[in-house]
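Remarks on the structure that follows.
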Amino acid sequence: MPLFFRKKKPSDDARKRLEYQMCLAKEAGADDILDISKCELSEVPYGAFATCKVLQKKVLIIHTNNLTSLVPKSCSLLSLITVKVLDLHNNQLASLPAEIGQLTALQVLNLERNLLKCLPQSIGDLAQLQMLNVKGNKLKELPTTVSGLRSLRTLDISGNTLQELPRVLAHIRTLETLILDASSMTYPPPDICSAGTESVQQFLCKECGIAYYPPSQYQLPVLESDGGGTSVDGVDKAVHKYLEEESKWQVRLTGREGEKKMQEKLEFEQRLNMGQREHALLVQQMNSQKDEILQTMRQDQLRLEEGLTKHQRCLEEEHLKLLQQLKQAEQGIASRIQKLLEDNQRQKQSSDILKSLENERIRMEQLMAITQEETEQLRRREVASAMQQMLAESYKHKLIQMTYESRRQDLVSQACSSLAEMDQKFQQILSWQQLDQNKAVGQILQEIEMQKAAFEALQVKKDLMHRQIRNQIKLIETELLQLTQLELKRQELDTETLQGVITEQRQALGYLLQQLLKEKKQREEELQQILV
């Protein structure tokens, strides 16, 4: 057996494809995709990491290779910090690097058909991850840190040896699609797993003691890139289009017609780039429209706030004017009173003038009281309207809570009743099966005993040795009978010679009879052993 193995070199076509894709990614005006799939790579080249770092690529496709590790030597995973889509399916990866959580911009991670046995704990740091595909691996469990995937929408864990889901999966409120092998699951039960993602999440939330809310209430907005350009859906569409067109080109290039098809491929890639640019322009236009709408809304709010402040200022100014007017009126009244008193002292005018002055003072006080009451009434009305609004809103919230609790209780009661009915039906079926099994066992035992008795009888009848022994016993018994008859007939003669011969014959026959009986017993024991 050789001590050292040489790495399998990629074919000429694979090497040419790798060189072409690397050159295409470095061209001016190239898109954000680096595709080095189907290049028979055993490790990721250093140039791919450098290209992603310098040109800030957002989509890295390395599927259908022979990769055993993601990060080569003398490279850092931080070079892929701008990558949003990482496709590694159909490789030979046995593990992921522990620093995978540093890819904070990652939104799509495809690890289908690899040799993964576990996921690193740092995968929970991928807060923007929306799709995780680990189908067709050797995973036995999921790490508890998956609860940190707050933006996860799709999770595919089928084709693994998983039998239990972690309870912390209930904390992922945005999960819309969960794909798993329901028949091989033990927790949650298979019937709940086969019912769909919503039933699984409800079960896990119930186990954790938290309320379940559908993902539509926690649906996050489309995550934008750092520059505010394309969204994840746009990148996914571009990736799917590129993969479809790439497969078509591979079918066409099987004939190896040469430079014409390469030119056609270049033209196609230029058209693909134009389409991606148009998509990016559309997304930018949508974002600009959103920004304009937000700006108009802010301007309207500012205008309303300015109008309110102006109105309040006008009211305050009017209030100040009224106070000044009242002060001036009071001052005028005081001056008039002083003048009247002086005139009274000087001229000693009649009491009618004093009464008129007092009436005027009373009237002014009444006016002052009326203005104060009006201001207090206005304040009370404003407070009452605000309290009514608060009460109406609180009443609406209470109604919403009551309806939600009633719906939740109805759902829980329906689920309990359905489970109870299923348990009753299952117990009835089990009891019927046990009765049928007992009946079948009794019948089988009776048939076995009958067959044993019949087989023993047949064996005894068919056995030649046993038959010969029985015949010899019958013959000996007949001869003994004849001897006894002879003895009875010849008792009168009473000769010694005859008695000696008869006794010798009787002893010999008795000895033969004993031997035959022993042989019969031995043969019956042998037959019983054969039956056993």
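The values are calculated or read from the model by the stated rules, or taken from the named source; none is laboratory data. Just so you know, these numbers come straight off a predicted model, no measurement behind them. When we count neighbours, we look across all protein chains shown, and the Cβ atoms used for this are built from the backbone with ideal geometry, even at glycine. Accessible surface is based on the protein model in full, side chains and every heavy atom, while ligands, DNA and RNA are left aside. Shrake-Rupley method; radii C 1.70, N 1.55, O 1.52, S 1.80 Å.
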The FRET efficiency for R379 and S147, from their Cβ-Cβ distance with R0 = 51 Å and rounded to 0.05, is 0.50
Over the range 12-216: Rg over Rh, Cα atoms, Kirkwood Rh: 1.02
Residues of the chain: accessible area per residue with a 1.4 Å probe, Å²: 71
Along each principal axis, Cα extent of the chain, largest first, Å: 208, 90, 38
Can you give the extra length, in nm with one decimal, that the chain gains between L304 and K9 once fully stretched, where that is 0.36 nm per residue apart less the Cα-Cα distance? 99.0 nm
Can you give the helix-only mean residue ellipticity at 222 nm for the chain, where every DSSP H stretch with n ≥ 4 adds -39500 (n - 2.57) and the sum goes over all residues, rounded to the nearest 500 deg cm²/dmol? -22500 deg cm²/dmol
Using θ = phi - 60° and Karplus 6.51 cos²θ - 1.76 cosθ + 1.60, couplings along the range 70-75 (whole Hz; Gly, Pro as x): 7, 9, x, 5, 6, 10
Given Cβ charges of +1 for Lys and Arg and -1 for Asp and Glu, the option among G101, I337, M297 whose Cα lies farthest towards the positive end of the dipole of the chain is G101
Report relative contact order for the chain in percent, whole number only (criteria: Cα-Cα under 8 Å, sequence separation at least 6). 5
The range 18-88: GluC sites (Glu not before Pro) in DSSP coil with no more than 14 other Cβ atoms inside 10 Å: E27
Report the Cα centroid-to-centroid distance between the range 401-421 and the range 27-99 in angstrom, as an integer. 50
Of the convex hull enclosing the alpha-carbon atoms of the range 367-451, the direction-averaged projected area in nm² is 6.6
Find me the longest stretch of the chain that has none of the exposed chymotrypsin sites (Phe, Trp or Tyr not before Pro), where exposed means in a DSSP loop (not H, G, I, E or B) with at most 13 other Cβ atoms within 10 Å. 6-532
Plugging the Cβ-Cβ distance of E317 and Q366 into 1/(1 + (r/R0)^6) at R0 = 22 Å yields, to the nearest 0.05, a FRET efficiency of 0.30
Note on the chain, DSSP bridge orientation, antiparallel percent to nearest 5 equals 5
